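K.L.:
Can you keep this structure in mind? I'll have questions shortly.
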Amino acid sequence: MSNGLLSGLGAIKRKVFVSYHHGNDKPYYDAFINTFSNSYDVIHDNSVERAVDSTNTDYVIRRIRENFITGSSCTIVLCGPQTPWRKFVDWEIKATLDKQHGLIGVNLPTNPRNANNNYTVPDRLHDNIQSGFAVWVDWDTFTQSQQSVQQHIELANSKLALLINNSRALRQRNG
């Protein structure tokens, strides 16, 4: 069966990849793992920066796609105050879109509103929220129950690939 393993009575145990700023947002990643690891197969928390030791952008993105994204059903991007300026988060989103997997942006409580009263999110994620491909949800709503997480994952996986906007240039350095 693709995109997951059988769990229980026919329910799919989805495999998900979680992208986040390791320096700031690991407590939210840990909370997600601790609460939902029995329901979801979360790809192991490896910092891509350490796991793929190369300065060749194309090679790194290929490795992200092959080693982290392939086999997952969607990517969950935890959006905190520094997430938009992390190059590996951008590259993980790009690799997700290249594979046409579901994409969910989760707004963390630590993400402040900007001068326009909007939340700041990675540009490539924003492009796909605007196009209707990516799902955008607040942390408390997303994590309120296993059913809520499941509904958001299934919604993300149901989006049409023709909505994907992956045209933005890659972020070359952390901001």
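K.L.:
Of all residues in segment 123-136 being buried (at least 21 other Cβ atoms within 10 Å of the Cβ) and touching a strand residue (DSSP E or B) at 6+ places or on another chain (Cβ under 7 Å), which is nearest to GLN172 (Cα to Cα)?
P.N.:
Here the residue is LEU125.
K.L.:
So which helices (runs of 4 or more DSSP H) stay within segment 1-110 end to end and still have 3 or more residues that are at pLDDT 95 or above and β-branched (Val, Ile, Thr)?
P.N.:
Qualifying helices (runs of 4 or more DSSP H): none found.
K.L.:
Give segment 123-175 a look and list any residue that's small (Gly, Ala, Ser) and within 19 Å of ARG113 (Cα to Cα), or say none.
P.N.:
Hit for segment 123-175 is GLY175, nothing else.
K.L.:
Check off (1) buried (at least 23 other Cβ atoms within 10 Å of the Cβ); (2) touching a Cys at 6+ places or on another chain (Cβ under 8 Å) for ILE93 and give me the number that stays unchecked.
P.N.:
Answer for ILE93: the failing condition is (2).
The values are calculated or read from the model by the stated rules, or taken from the named source; none is laboratory data. Please read all numbers here as calculations on a predicted model, not as lab measurements. With ideal geometry, Cβ positions are generated from the backbone for all residues, glycine too; neighbour counts draw on all protein chains shown.
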